[in-house]
Amino acid sequence: MTGLARYRRMYTSGRFALLALSFFAAVALSLPAAANAGDATLRTTLAQWSHRIALDAQGIGLSAARRHPRRMTRRARHFRLDALRARKALAAVQPSSARGRRAKRLALAAFYDYAIVGRQWALSGQARVRGLRAAAVGHARIAARYARRGSALLLAAKRLLG
């Protein structure tokens, strides 16, 4: 092998090594960004659905305060469906870190509790329409208990996601 051929061979193998090294560096640098992408998607989805649930809850509270049990029942059913849709949307998101997985688990539990809240509010409204005051109060108390628990779980999930 001549000196020129040896030089070309070393030069191309060096270029290949440099190319491979830069490829691995690019992959290594992109992994943390990809890991944060799943948690960012989870954070965004959680924020959107918690905002929607908050608006639904505000409407239910307004209907209850103005003594419209039929409207309250209708809004409570919508609240429950939104809570179930939120669970479905969050279940589809794949978190990328341990904190993200824990936050997802907490958020799914929170929206499950909110689905129970919606059902209890609907039952409370139906009992009001039928004139069953004691039953309405009982369902409202159950709803309040689950609402507090769901709220605490949702806040914990948001804290984990930062």
* Asked: What does a probe at Arg130 reach in the range 70-84, counting residues whose amide N is under 15 Å from the point 7 Å along Cα→Cβ?
  -> 70, 73
* Asked: Can you work out ³J(HN,Hα) from phi for every residue in the range 110-119, in order, using Karplus 6.51 cos²θ - 1.76 cosθ + 1.60 and θ = phi - 60°, giving whole Hz and x for Gly and Pro?
  -> 5, 6, 5, 4, 5, 5, 5, 4, x, 5
* **Cα Rg, Dmax (largest Cα-Cα span) when computed across the range 51-154, Å** => 14.7, 51
* When ranked by the protection proxy of mean other Cβ atoms within 10 Å per residue, highest first, what sequence do the peptides 130-138, 51-59 form? -> 51-59, 130-138
* To do: Quickly work out the Gln48-to-Lys88 label distance, labels modelled 7 Å from Cα along the C-beta direction, and quote it in nm with one decimal.
  => 1.4
* With a Förster radius of 22 Å, plug the Cβ-Cβ distance of Arg148 and Arg70 into 1/(1 + (r/R0)^6) and report the FRET value to the nearest 0.05. => 0.25
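We did not get these values from a lab; they are worked out from the coordinates using the rules stated. Keep in mind that this is a model prediction, so the values were computed, not measured. Neighbour counts are summed over all protein chains in view; Cβ atoms, including those assigned to glycine, are modelled from backbone coordinates with ideal geometry.
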